Amino acid sequence: MNNMEAQRCLLCKRPKCALDGCPVNTPVPECMALYREGRLEEAGRLLFENNPLSAITSLVCDWSKFCFGHCVLNVKQVPVRWYEIEQEISGEYLKTHHLERASETPLEGKSVALVGGGPVGMSTAIFLWRKGADITIYDVNERLGGVLRYGIPDFRLDKSILEPFERMFAEAGIRFVGNTGLGKEITIEGLHEKYDAVMIGTGAEKAMNLEIPGESKPLVMQALPFLKNPDAFELGKKVIVIGGGNVAMDACRTAVRRGAETWVYYRKTFENMPANPSEIEEAKADGVQFRVFQAPVEVHDHSVIFRDCENVTDPQTGKIVTRIIEGTDHEVECDRIILAISEKPDYSPLGRFQPELDSWGWAVKDELHRLKIEGMDHVFTAGDFILGPKTVVEAVVSAKRAVEGIEQYLLGA
Ligand SMILES: Cc1cc2nc3c(=O)[nH]c(=O)nc-3n(C[C@H](O)[C@H](O)[C@H](O)COP(=O)(O)OP(=O)(O)OC[C@H]3O[C@@H](n4cnc5c(N)ncnc54)[C@H](O)[C@@H]3O)c2cc1C
């Protein structure tokens, strides 16, 4: 029990941790009060009903940006570690929880296909099933979890956390059909015809490239396949990871655990890195070495050419921009290069039923969270597929919005 920590909470009337800090507005004071009284089951229920992935988000969220960072005690004292209490409540709750239909089940008789069994698919399945819908999840991977199982390494997220979900889904009759890819074994037109609603939650797994000469050489690989199955890759002695986000941090920490001397090269500075600051510190503690202000410009058979960068103020906008300094090329030898630049959603599995795109080339959705696809009126979307690479908690929030859209559509239909 984290009782001492719970007693420090001021149970604010306007809880900034929940309202300003937490994307899914976790009811922190209500749950904290229940926890103090030892009513863990009730607290667990509140958390699960608001965010079925609470046991996971409390482990992988960047709390410094969310609840912890918004605690009022931040000003003069140490903020309350709510996330530890949430882990305890939700972790326990999951062990024995069985899904229950809500008291009203307006979606009874409606069938919904969810493509993608990551955080979006998992949370959408639970929300819609509670309302009475019949759910089938299709995923190209063998098991449920998406990035939670096939991206975030074990040393950060113990995969046993997904077992209660597999158990609950099997008990509730939520079907998980693995090894089944959209655009391969199933098609969007087939799903659209067969189901009352379809949800595309296939994430953002299409890796971006550097667009530099030599990038297709065998020593270069992408971070996501490596993280999915690290043992399948021979790393050699020295690895260079290019990127500064969470994926780069997971890749470098995995490479260093496999015995490689591992370096992260990033074109801007530490403050610009999108990775959680705690992850950067943990990577350093693991022995990963960092070089900032380094832009790769060419890949050779056993090395990369980097060019130095610097931050300058753009005279037109007044903003700080990073620019390459010409004439600073230098060669760095390595056995492997892992690219962790960024990812985009892949629209190709939709075949000829391509969604409408904005001027940046990203799919757009309507007010009901539907993709705009000619001839299709019930293809919904949420999570990284529509937002780009974000976070687990944001995927849940997006799924909640899409569920509202699906419900509105199904009840109006
Ligand atoms: C390495 C890594 C580390 C991360 N670390 C964190 C973290 O610490 N904290 C955090 O909050 N967020 C983290 N994130 C981000 C977070 O995991 C994502 O924002 C979240 O998983 C998005 O959920 P999703 O359901 O939209 O997509 P995903 O989790 O990507 O799930 C998509 C699912 O769709 C399936 N799929 C894809 N294509 C097809 C197809 N054609 N047919 C059928 N199925 C398909 C995939 O197999 C997958 O199961 C990390 C991401 C990565 C890659």
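When restricted to residues that are out of contact with any Gly (no Cβ under 6 Å at 6 or more places or on another chain) and more than 14 Å from residue 393 (Cβ to Cβ), segment 144-156 contains 8. Screening 225, 274, 218 for residues that are surrounded by fewer than 23 Cβ atoms within 10 Å (Cβ to Cβ), within 16 Å of the ligand (Cβ to nearest atom) and part of a loop (DSSP other than H, G, I, E, B) leaves exactly one candidate, 274.
Contact map, segment 138-165: first residue over 21 Å from residue 388 (Cα atoms), second residue of a type in the set (S, T, N, Q) and more than 6 Å from the ligand (Cβ to nearest atom), Cβ cut-off under 6 Å, separation 6 or more or different chains; pairs are 142/179.
Can you tell me which residues in segment 346-377 are touching a residue at least 40 places away in the same chain (Cβ under 8 Å) and farther than 18 Å from residue 405 by Cβ?
346, 348, 349, 350, 351, 353
Tell me, please, whether a residue that is surrounded by fewer than 15 Cβ atoms within 10 Å (Cβ to Cβ), in contact with a helix residue (DSSP H, G or I) (Cβ under 7 Å, 6 or more places away or on another chain) and charged (D, E, K, R) can be found in segment 20-27. Within segment 20-27 (the criterion being surrounded by fewer than 15 Cβ atoms within 10 Å (Cβ to Cβ), in contact with a helix residue (DSSP H, G or I) (Cβ under 7 Å, 6 or more places away or on another chain) and charged (D, E, K, R)), the answer is yes, since at least one residue qualifies. Taken over segment 343-383, the criterion of being within 20 Å of residue 395 (Cα to Cα), touching a strand residue (DSSP E or B) at 6+ places or on another chain (Cβ under 8 Å) and of a type in the set (Asp, Glu) is satisfied by 343, 346. Evaluating residue 86 against the criteria (1) within 15 Å of the ligand (Cβ to nearest atom); (2) within 24 Å of residue 249 (Cα to Cα) leaves one unmet condition, (2).
Based on what the data block shows, is residue 25 out of contact with any Ser or Thr (no Cβ under 7 Å at 6 or more places or on another chain), of a type in the set (S, T, N, Q), more than 16 Å from residue 394 (Cα to Cα) and without any contact (Cβ under 8 Å) to a residue 60 or more places away in the chain?
Here the answer is no, as residue 25 does not meet what is asked.
Part of a helix (DSSP H, G or I) and either within 10 Å of the ligand (Cβ to nearest atom) or buried (at least 16 other Cβ atoms within 10 Å of the Cβ) (or both): is that true of residue 210 in this structure? Considered against the rule, which asks whether it is part of a helix (DSSP H, G or I) and either within 10 Å of the ligand (Cβ to nearest atom) or buried (at least 16 other Cβ atoms within 10 Å of the Cβ) (or both), residue 210 comes out as no. Only a single criterion out of (1) in contact (Cβ under 8 Å) with a residue 24 or more places away in the chain; (2) out of contact with any strand residue (DSSP E or B) (no Cβ under 7 Å at 6 or more places or on another chain) is not satisfied by residue 318, namely (1).
When segment 63-85 is filtered for residues that are assigned to a loop (DSSP other than H, G, I, E, B), under 24 Å from residue 151 (Cβ atoms) and at pLDDT below 90, the ones remaining, listed by number, are 63, 64, 65.
Taking residue 264 as the residue in question, decide whether it is within 19 Å of residue 156 (Cβ to Cβ), part of a strand (DSSP E or B) and modelled with pLDDT of 95 or more. Criteria met by residue 264.
May I ask you to list pairs of residues, at least six apart or on different chains, whose Cβ atoms are under 7 Å apart, with the first in segment 175-189 being outside the structural domain of residue 376 (by TED's automatic domain parsing) and farther than 23 Å from residue 126 by Cβ and the second being near the ligand (Cβ under 7 Å from one of its atoms) and part of a helix (DSSP H, G or I)? Taking only residues 6 or more apart or on different chains, not a single pair turns up. In the set (1) in the same structural domain as residue 216 (by TED's automatic domain parsing); (2) within 20 Å of the chain's Cα centre (by Cα), the condition left unmet by residue 401 is number (1).
The values are calculated or read from the model by the stated rules, or taken from the named source; none is laboratory data. Computed from a prediction, not measured in an experiment: that's the story for all the values here. For neighbour counting, all protein chains shown are included, and Cβ atoms are generated from backbone atoms with ideal geometry for every residue, glycine included.
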